[in-house]
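Notes follow once the structure below has been shown.
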Amino acid sequence: MATTNIIASEDIFMDEGDPDTHMTDGDKIHVKKRDYDALVKFSLSSLPSGASISAATLYLYCDEQRGTDVGKVYETTDSWSEASVTWNTAPAAGTYKGDFTSGTGWKSLSITSFVVAQFAGDGTASFRIKPEGIGDAWDGQRYYDSEQGSNKPYLAITYTVPINAIFFGCNF
Ligand SMILES: [Ca+2]
Ligand SMILES: [Ca+2]
């Protein structure tokens, strides 16, 4: 059994009210009822091939809670870049994974089955995080992104590498 923390490779937020403008990367990432969604991407390439993932948990650090709205986490696709994505070019939210809790501090959500599928598939896992509601309010959460000096978004992964995979990986 091994554990590893994988820091986000890309993270950014988009503004529905300014849908063709790219938000400044390196700012903290927001989900706000009016009008922000966030994207976070992780490369799974540092995991050994043949690894069997038994648990994967998404962590983001919330430093601002407005109102009671929390971030709702959805699977999404990987064809976006923190250097250029806008609201209008961002991938749509896919399957809903669950909610973060309200309040500041580390937020976490178990996303094991999605990470297992992405590791077996294209090797990259992306999430779109949306506010709980829509409407004329700034309610929501703000998180550190990976350009910040600390508290970066990460995946905590627990895995095993089968003995036969280790042996067959060697050149005897
Ligand atoms: Ca970023
Ligand atoms: Ca993917």
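The values are calculated or read from the model by the stated rules, or taken from the named source; none is laboratory data. This structure is a prediction, so every number in the text was calculated from the model and none was measured. Cβ sites come from the backbone with ideal geometry, for glycine too, and all protein chains shown count toward neighbours.
The criterion of being within 16 Å of ligand 2 (Cβ to nearest atom), outside any loop (DSSP other than H, G, I, E, B) and modelled with pLDDT of 95 or more holds for Glu75.
When the stretch 1-60 is filtered for residues that are away from ligand 1 (no atom under 16 Å from the Cβ), crowded, with 18+ Cβ neighbours inside 10 Å, part of a loop (DSSP other than H, G, I, E, B) and of a type in the set (D, E, K, R), the ones remaining, listed by number, are Lys33, Asp35. Looking only at the stretch 131-144, decide whether some residue is in a loop (DSSP other than H, G, I, E, B), closer than 26 Å to Thr4 by Cβ, modelled with pLDDT of 95 or more and more than 14 Å from ligand 2 (Cβ to nearest atom). Yes, the stretch 131-144 has at least one match. Residues that are more than 16 Å from ligand 2 (Cβ to nearest atom), of a type in the set (Gly, Ala, Ser) and closer than 15 Å to Tyr36 by Cβ: does the stretch 91-105 have at least one? No, every residue in the stretch 91-105 fails to be more than 16 Å from ligand 2 (Cβ to nearest atom), of a type in the set (Gly, Ala, Ser) and closer than 15 Å to Tyr36 by Cβ. As a summary of the residue check, Phe119 satisfies the conditions (1) aromatic (Phe, Trp, Tyr); (2) more than 30 Å from Pro162 (Cβ to Cβ); (3) within 16 Å of ligand 2 (Cβ to nearest atom) except for the one numbered (2). With respect to (1) in contact (Cβ under 8 Å) with a residue 60 or more places away in the chain; (2) outside any loop (DSSP other than H, G, I, E, B), the lone exception for Lys97 is condition (1). For the stretch 112-122, state whether one or more residues are in contact (Cβ under 8 Å) with a residue 12 or more places away in the chain, in a strand (DSSP E or B) and touching a strand residue (DSSP E or B) at 6+ places or on another chain (Cβ under 9 Å). No, the stretch 112-122 has no match at all.
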